[in-house]
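Novice: Sharing a structure with you now.
The values are calculated or read from the model by the stated rules, or taken from the named source; none is laboratory data. Note that this is a predicted model, so its numbers are computed, not measured. So basically every Cβ, Gly included, is an ideal-geometry build from the backbone, and we count neighbours across all protein chains shown.
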Amino acid sequence: MRKKNLYFSIILLFIFSSCGYQVVDKKKLQTFNILEINTTGEKRINFKLKNKLLSYKKENSEELIILDINSKKNKSVKDKNIKNQITKYQINLDVEVSYRKSNEAKMNSFILKQNGTYDVSSQHSQTLNNEKKLIDLLINDISEKIIDQLVAKFNDL
């Protein structure tokens with residue numbers, strides 16, 4: 001009986017250990033190089049977004065693209081307590097990305113929206129830190145979505 005269980009577990013180990021799943025590397029799928037990034041809107045958000053996108057730069061690519069990024073940040077009150085004090089804020093980031101190949105005049109665009117909330121702390125400096133951390137997380141998500149959208153658009157062509 002023990003031998004059957006041992007053989008059965010070894011067979012299951014071999015069957016399920018090689019499922020064929022591999023993590024997709026975005027740099028391998030990327031067939032373009034970002035030549036230039038023009039930004040308008042929120043300066044701090046654009047600076048961080050530009051740095052994130054330039055980290056995906058691929059040098060030996062034949063397709064050069066130019067990005068125009070327009071960003072907007074809206075901060076609104078999400079929640080108040082019984083004393084009418086603000087307890088949560090909501091931040092909405094709207095980013096419009098226009099892109100074109102460097103040798104073409106036709107512009108294509110898409111819009112990405114990301115939102116999140118953060119808590120108000122008893123110290124104002126901690127509240128500002130909460131806001132900065134949330135904005136950094138939203139920028140990371142948006143930069144990954146921009147690269148995913150561009151990879152999808154240029155791999156389909």
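Novice: Look through segment 121-135, keep the residues that are of a type outside the set (Ser, Thr, Tyr) and exposed (fewer than 13 other Cβ atoms within 10 Å of the Cβ), and return whichever of them is nearest to Phe47 (Cα to Cα).
Specialist: Keep residues of segment 121-135 that are of a type outside the set (Ser, Thr, Tyr), which gives 123-124, 126, 128-135.
After this cut, where a residue has to be exposed (fewer than 13 other Cβ atoms within 10 Å of the Cβ) as well, the list is 123-124, 126, 128, 132-133.
On the way: Gln123: 27, His124: 25, Gln126: 23, Leu128: 19, Lys132: 14, Lys133: 15 Å.
The extreme case among them is Lys132.
Novice: So in segment 59-89, with the set limited to residues that are hydrophobic (A, V, I, L, M, F, W, C) and in contact with a helix residue (DSSP H, G or I) (Cβ under 9 Å, 6 or more places away or on another chain), which one is farthest from Glu42 (Cα to Cα)? Give the steps one after another, and end with the answer.
Specialist: To start, the set of residues in segment 59-89 that are hydrophobic (A, V, I, L, M, F, W, C) comprises 64-67, 69, 77, 82, 86.
Now restrict to residues that are in contact with a helix residue (DSSP H, G or I) (Cβ under 9 Å, 6 or more places away or on another chain): 65, 67, 69.
Values: Ile65: 22, Leu67: 16, Ile69: 10 Å.
Applying the filter and picking the extreme gives Ile65.
Yes/no per residue for (1) within 21 Å of Ser55 (Cα to Cα); (2) among the polar types (S, T, N, Q); (3) under 16 Å from the mean Cα position of the chain (by Cα):
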site: Val77; (1), (2), (3): no, no, no
site: Asn81; (1), (2), (3): no, yes, no
site: Tyr89; (1), (2), (3): no, no, no
site: Asn92; (1), (2), (3): no, yes, yes
site: Glu104; (1), (2), (3): no, no, no
site: Asn108; (1), (2), (3): no, yes, no
site: Leu112; (1), (2), (3): yes, no, yes
site: Glu131; (1), (2), (3): no, no, no
site: Leu138; (1), (2), (3): yes, no, yes
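Novice: Which ranges mark the strands (runs of 3 or more DSSP E) fully within segment 1-120 that have 2 or more residues being surrounded by 15 or more Cβ atoms within 10 Å (Cβ to Cβ) and modelled with pLDDT under 85? Outline the logic, then answer.
Specialist: Numbers: elements: 32-41, 63-80, 86-101, 108-119.
Fully inside segment 1-120 and qualifying: 32-41.
Novice: Residue by residue through segment 121-157, note down the ones that are of a type in the set (Ser, Thr, Tyr), closer than 30 Å to Gln85 by Cα and in a helix (DSSP H, G or I).
Specialist: At the first step, the residues of segment 121-157 found to be of a type in the set (Ser, Thr, Tyr) are 121-122, 125, 127, 143.
Add one more test, that the residue is closer than 30 Å to Gln85 by Cα, and what stays is 121-122, 125, 127.
Within segment 121-157, Ser125, Thr127 qualify.
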